[in-house]
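Working notes, beginning with the structure itself.
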Amino acid sequence: MSPLGKLLVIGFGPGDMEHITKRALDALAESEVIIGYNTYVDLIRPLLNGQEIVRTGMTEEVSRAQEAVRQAEMGKKVAVISSGDAGVYGMAGLVYEVLMQKGWRREDGVEVEIVPGISAIQSCASLLGAPVMHDACTISLSDHLTPWETIVKRVEAAAAADFVIALYNPRSGRRTRQIVETQSILLRHRDPHTPVGLVKSAYRERQQVIVTTLEDMLNHDIGMLTTVIIGNSSTMVYDGLIVTPRGYQRKYTLDASEQALKPHQRLRTEAEPWSLSAQGDRPLAAAPQAGAAPSMPAPSASGAAATVATQACLQAGAAVPTAPSAAQAGSSPASLAAEALGRLAAGGRLPGEANVRWSGQAPAVGAHGATAVAGAGAAAGTATGSFGKPALFEVGVSPGVGNKKFTARQMALLAEIAGDDGELEYTPDHQIVLRVPCADPEELVGRLRDERLIVMPIGDVFKVKACDFCNMEKDDAVPVAEHLQVVLGGLQAPKETSIALNGCGMACYGAVLEDIGIVYRKGGYDLFLGGKKFGRNAHAAQPVAEGIPGEQITDIVENIIAEYKEKGHPNERFHKFFKRVGVVAGYRHEDAPAGVEVNAVCGD
Ligand code: SAH
């Protein structure tokens, strides 16, 4: 055995016996001497079995480290203990500093093992919910060893870069000014309603957990045993818990869906191009952009946390003391937009349930990635104009249900609105999808409608499509298409659903392949249900009725939709629903003939 001893620098976690690692326990057990600050020695006392104890006061860290090195050099196994992790404002660096000063070398000096522990940022976060999640940093407000100007710079930088911030050593009996100044710096960059968690003595006897806001945080007890966790612009409060979504919401759309980005969408790589499993050539999440609104449970375009918390609150029926007020007061564009769009809907200009509001979309696969990232410059703070750029707004536009002709003025307007930062995507859905950073969706939608464009949400909604009725020469069925568009278009659906109408038996716009197909022939409408247009087992819809009179067809389709909305599972495509329930609005499902087994070349 080496004549030299060993230094075990041990982080023992927050302070209870359950959150200490196995290695830390073993390392303590194998030590002969324990060196630590009084309080810490007391915390781990139950784990000791006769080791020699060297206790010191709080400020005697250097002498503690020196003593540890000295005893190790004498051949002892010495444990130096830190709460949390020894490498986070703990003893690890100091022990190495003392060693370096002595010219210590790894190959012939005392052996050193750093035993990692759960740091306060983690233990405190766990008690608050999931406030960290994304890019975060720790800042110690103690200017004992760091000049205050440096700390100020770090707070500034972290605030501006929208990091979640864990403040260690926020306040002591004498150091009271720092937290006040820190708050005022943060308020220059973040919404006053940004969720803030104050955790005192995590996993210790006098544990205290407070969920508050940036503007209100100083009205609570903050001391040396407190860690302060400041949310980023996406952070929200849900049922008393602080949650930071894993990524930034990149898009908003006019949408009538309940939850913006559903869990299954969020879990897809393409919804999170910044995730590790995403393609390497995409920009990783490197730069979380200030302010993009969150995705759960519903996003907002600005004052992100505020509106989101409001919606979380509405959905959960929970009293959220923090963020909602701004949104409720109507001070965020998102809430204004929601309200305004709701009004439009109620006024009949938007179809459906009058619940049209901002809603998030997963970024589309592929080409949009870059735009999404670039445009995600984010929303928070359009309310105050200082928290970032607006979020991407996404809508589908078309010149009409049957009318396929854009006027030059409409095209010019779209081009003008898209500008350099937006994009116009030509899609197979008889519409152009417009994506553009937008702080005032209400105004934007108004301009589009003023130019007589149909403006539709993107996502899991009912879409009404129709042929061009042979350039409107065979326009008998146009009123039915328009009626369906007004009544059903844009309504929330379990899954994106196409209702397609063709004006003659040629059905050249493919209505019989859609979820719900309607084909007009002189004398009546033929109805087709449950088409599947894509995939290896694509199949035409099942013809369920022929010659339905004009005065009945819309009611029938509305009944079908009502049944699907009521009984369809979330995410269940219409054809699957039809097959599962067997009968919809009186129409019985029949199995399509078995598909041909095909070797799929590009995916399934
Ligand atoms: N090495 C420790 C940090 C020591 S600095 C770690 O990794 O956690 C001391 C600061 O840590 C305190 O002022 C407080 O901000 C934070 N802290 C440590 N333990 C804590 C606990 N149990 N609960 C809350 N905050 C704690």
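Per the listing E97, E181, E111, the residue uniquely under 30 Å from the mean Cα position of the chain (by Cα), in contact (Cβ under 8 Å) with a residue 12 or more places away in the chain and more than 11 Å from the ligand (Cβ to nearest atom) is E181. From the list A370, A408, A412, A378, which residue is open to solvent by 40 Å² or more (accessible area, probe 1.4 Å), of a type in the set (A, V, I, L, M) and at pLDDT below 85? The match here is A370.
If the condition is being assigned to a loop (DSSP other than H, G, I, E, B) and within 12 Å of the ligand (Cβ to nearest atom), then the range 1-19 contributes F12, P14, G15, D16.
In the range 6-19, the residues that are open to solvent by 30 Å² or more (accessible area, probe 1.4 Å) reach residues that are among the aliphatic types (A, V, I, L, M) and within 11 Å of the ligand (Cβ to nearest atom) with C-beta atoms within less than 7 angstrom, at least six apart or across chains, in these pairs: H19/I118. Checked against (1) free of Cβ contacts under 8 Å to residues at least 60 places away in the same chain; (2) over 30 Å from V243 (Cβ atoms); (3) touching a Leu at 6+ places or on another chain (Cβ under 8 Å), G57 passes all but a single condition, namely (3). For the range 497-505, the criterion of a residue being surrounded by 24 or more Cβ atoms within 10 Å (Cβ to Cβ) and of a type in the set (G, A, S) is satisfied by at least one position.
Quick one: is C438 modelled with pLDDT of 90 or more and touching a Phe, Trp or Tyr at 6+ places or on another chain (Cβ under 6 Å)? Judged against the criteria, C438 is not a match.
Residue-wise test of (1) surrounded by fewer than 20 Cβ atoms within 10 Å (Cβ to Cβ); (2) in the same structural domain as G84 (by TED's automatic domain parsing); (3) more than 11 Å from the ligand (Cβ to nearest atom).
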{"site": "H134", "(1), (2), (3)": "no, no, yes"}
{"site": "E156", "(1), (2), (3)": "yes, no, yes"}
{"site": "A161", "(1), (2), (3)": "yes, no, yes"}
{"site": "R171", "(1), (2), (3)": "no, no, no"}
{"site": "P195", "(1), (2), (3)": "no, no, yes"}
{"site": "A202", "(1), (2), (3)": "no, no, no"}
{"site": "Q207", "(1), (2), (3)": "yes, no, no"}
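Selection of the range 20-40 for residues being surrounded by 23 or more Cβ atoms within 10 Å (Cβ to Cβ) and more than 14 Å from the ligand (Cβ to nearest atom) yields S31, I34, I35.
Contact map, the range 435-447: residues that are under 20 Å from G459 (Cα atoms) paired with residues that are small (G, A, S), Cβ distance under 6 Å, separation 6+ or inter-chain. Pairs shown: R435/G422; V436/A418; V436/G422; P437/G375; P441/A337; E442/A337; E442/A340. For the range 462-476, the criterion of being β-branched (V, I, T) and either open to solvent by 40 Å² or more (accessible area, probe 1.4 Å) or more than 24 Å from K565 (Cβ to Cβ) (or both) is satisfied by no residue at all. Within the option set S140, S126, being assigned by TED's automatic domain parsing to the domain that holds I179 and open to solvent by less than 30 Å² (accessible area, probe 1.4 Å) holds for one residue only, S140.
Residues checked against (1) open to solvent by 10 Å² or more (accessible area, probe 1.4 Å); (2) within 16 Å of the ligand (Cβ to nearest atom); (3) closer than 18 Å to L4 by Cα:
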{"residue": "A65", "(1), (2), (3)": "no, yes, yes"}
{"residue": "R70", "(1), (2), (3)": "yes, no, yes"}
{"residue": "A79", "(1), (2), (3)": "no, yes, yes"}
{"residue": "D85", "(1), (2), (3)": "yes, yes, no"}
{"residue": "G90", "(1), (2), (3)": "yes, yes, no"}
{"residue": "G93", "(1), (2), (3)": "yes, yes, no"}
{"residue": "Q101", "(1), (2), (3)": "yes, no, yes"}
{"residue": "R105", "(1), (2), (3)": "yes, no, yes"}
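The values are calculated or read from the model by the stated rules, or taken from the named source; none is laboratory data. On a predicted model such as this, the values are computed, not experimentally measured, just so you know. Glycine also receives a Cβ, built like all others from the backbone with ideal geometry; neighbour counts cover every protein chain displayed. Just so you know, the surface numbers come from the protein's heavy atoms only, side chains and all, with ligands and any DNA or RNA stripped out. Shrake-Rupley method; radii C 1.70, N 1.55, O 1.52, S 1.80 Å.
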